[in-house]
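Heads up: the structure comes next, in structure tokens.
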Amino acid sequence: MNRIKSLNPQYVFIVLGLIYGIAFLVLIPPFQVPDEYEHYYKSWDISNGHIIPEKIGNKAGVSVPESVKIMTDSVYQKWKYYILNNQSMDMEYLLNLPLKSSTNTFVDISKYAVVTYSPLPYLASALSIALGKLFDLSPLILLYLGRFGNLLLWLLIIFLAIKITPVFKWGFLVIALMPMTLFQAASLSADGIAISLSFLTIAIFLKLALDDGIKQITSKHIAIIILISLLLSLAKMPYIMLILLFFLIPSKKFEGRTKMFKIFGLTFLLGVLVIAFWNFMVNGLYMPLDPGISLQDQLLYILHYPIDFIQTMLNTSSQYAGELPFIVVGNWAYANSPIPNLIYYMYFFIILLVAAFDKGSFKINLKQRYTILGVFLLITGTIFVLEYLTWTYTGAPVIHGIQGRYLIPVLPLLFLTLYEKGERTKNRLLVELMLSLLIILILSKVVLIFINYYYMSYF
């Protein structure tokens, strides 16, 4: 019983995250994660020291050895065929494919927003790939090595977030171990880093706001706030608005409102400047996948018909409301490994259970609660606007392209609104039940992945 009471959530996370993260990394076939094909090329380009993709005419992309193109095409284009026709793929050939090629080939990735992403989300995967190239590892092994680098960095950042936050530690753990979160973290996707940095940002602001041991915001705290804001601005643009959690911090910790607003203004301005600078650097690289979609026309529509656009957002929210447990917990784009409905509901039940019972000695007042909810809604609305601008026809009744993984970085905010001050949970049965269900649910997902991707393709 004492062992259960003394369990530190961050260490439980490291153990479960490493075990299940490696399982997802190995079992999810290459390029089954949304846009991982483009993320791989982006990581490869950065591993060569390139910051911005090359622009050639109306195309933008990267130059890679022929062996890399052979591997990506073989897996990306043929995997579904092999699955649907119950045939196996010659992975041994790809694993032993020599890296060095006599010529390079240009790959166009301008049809995907990935082309505009900063190098930040790819540093871990690019470094891992660069190390692997020193040993002439095959392109396929380099892909898995890049995934492993991303996974390790994600584990480290989430560990820090859980350790730092004064409240909702088990909630951070449960959300971080959702199948969808693991799916992104154990891949080359930029979403893993965006999720982990968002969690860390939320944890830092909660610490500064709620910890009575921090009597005054010092220069060190200000430097941390500015640094995490700059990192967020280079991760994924919508999540920069997490810096609005700055206003969770009582003004008395700044020696007055004037100093408080000056520090926030400086932080916000630096974040905006970084975003503006990077957008200037990559301007013209992205070409929408559907030529019928015009960012300019969509923007003009929003400005001229704001009421209609608000109705479009409400229609979209209504359409996705019933699917929220499915699209957030783990119903990913390619749907080759669906989860039974019972698992979705049980996992959401665990999160609600944690939100209700993971109490602590820190109080979140009504103003802070409204701030948390407001930031969640603002970021969610921004995601809707961006998806409308880049994926939806002008005047469409609903917004297309909304995916549950976009909400994971801010999901802790939604459940934090349920947090109440109280005696920290010491119920051994509750902790054992939560951990047992968590382990069983994630393990069931691992088994489903194996059955759908491997067992069914061989038998």
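The values are calculated or read from the model by the stated rules, or taken from the named source; none is laboratory data. Everything numeric here is computed off the predicted structure, so don't read it as measured data. Positions of Cβ are backbone-derived with ideal geometry, glycine not excepted, and every protein chain shown enters the neighbour counts. Ligands, DNA and RNA are stripped out before the accessible areas are found, and what is left, the full protein with its side chains, is counted by its heavy atoms. Shrake-Rupley method; radii C 1.70, N 1.55, O 1.52, S 1.80 Å.
Being over 15 Å from Ser47 (Cα atoms) and under 14 Å from the mean Cα position of the chain (by Cα): is that true of Ala161 here?
On the way: over 15 Å from Ser47 (Cα atoms): yes; under 14 Å from the mean Cα position of the chain (by Cα): no.
So Ala161 fails the test.
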If you scan the stretch 390-424, which residues turn out to be part of a helix (DSSP H, G or I) and open to solvent by 20 Å² or more (accessible area, probe 1.4 Å)?
Thr390, Trp391, Tyr406, Leu414
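Any chance the stretch 326-338 includes a residue that's at pLDDT 75 or above and surrounded by fewer than 17 Cβ atoms within 10 Å (Cβ to Cβ)? Steps first, answer last, please.
Kept after step one, since they are at pLDDT 75 or above, are these residues of the stretch 326-338: none.
Looking through the stretch 326-338, none of the residues is at pLDDT 75 or above and surrounded by fewer than 17 Cβ atoms within 10 Å (Cβ to Cβ).
Residues that are among the hydrophobic types (A, V, I, L, M, F, W, C), in a helix (DSSP H, G or I) and open to solvent by less than 50 Å² (accessible area, probe 1.4 Å): does the stretch 103-112 have at least one?
Within the stretch 103-112, not a single residue is among the hydrophobic types (A, V, I, L, M, F, W, C), in a helix (DSSP H, G or I) and open to solvent by less than 50 Å² (accessible area, probe 1.4 Å).
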Do you know which of the residues in the stretch 220-260 that are among the small types (Gly, Ala, Ser) and surrounded by fewer than 20 Cβ atoms within 10 Å (Cβ to Cβ) is farthest from the chain's Cα centre (by Cα)?
Gly256
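Within the stretch 18-44, can you find the residues that are assigned to a helix (DSSP H, G or I) and aromatic (Phe, Trp, Tyr)? Outline the logic, then answer.
So in the stretch 18-44, the residues assigned to a helix (DSSP H, G or I) come out as 18-27, 36-44.
Listed by number, the residues that qualify are Tyr20, Phe24, Tyr37, Tyr40, Tyr41, Trp44.
Residues in the stretch 263-283: is at least one modelled with pLDDT under 75, surrounded by 13 or more Cβ atoms within 10 Å (Cβ to Cβ) and hydrophobic (A, V, I, L, M, F, W, C)? Before you say what the answer is, go through the steps one by one.
To start, the set of residues in the stretch 263-283 that are modelled with pLDDT under 75 comprises none.
No, the stretch 263-283 contains no residue that is modelled with pLDDT under 75, surrounded by 13 or more Cβ atoms within 10 Å (Cβ to Cβ) and hydrophobic (A, V, I, L, M, F, W, C).
Can you tell me how many residues in the stretch 183-229 are within 21 Å of Leu120 (Cβ to Cβ) and touching a residue at least 40 places away in the same chain (Cβ under 8 Å)?
Narrowing the stretch 183-229 to residues within 21 Å of Leu120 (Cβ to Cβ): 183-205, 223-229.
So of that shortlist, the ones also touching a residue at least 40 places away in the same chain (Cβ under 8 Å) come out as 183-205, 225-226, 229.
Selection size over the stretch 183-229: 26.
Restrict the check to the stretch 292-306 and report whether at least one residue is part of a helix (DSSP H, G or I), modelled with pLDDT of 90 or more and either open to solvent by less than 40 Å² (accessible area, probe 1.4 Å) or under 30 Å from Asn341 (Cβ atoms) (or both).
Of the stretch 292-306, the ones part of a helix (DSSP H, G or I) are 295-304, 306.
Then drop every residue that is not modelled with pLDDT of 90 or more, which leaves none.
Within the stretch 292-306, none of the residues are part of a helix (DSSP H, G or I), modelled with pLDDT of 90 or more and either open to solvent by less than 40 Å² (accessible area, probe 1.4 Å) or under 30 Å from Asn341 (Cβ atoms) (or both).
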Quick one: in the stretch 181-219, which of the residues that are farther than 19 Å from Ile364 by Cβ and hydroxyl-bearing (Ser, Thr, Tyr) is most open to solvent (accessible area, probe 1.4 Å)?
Ser219
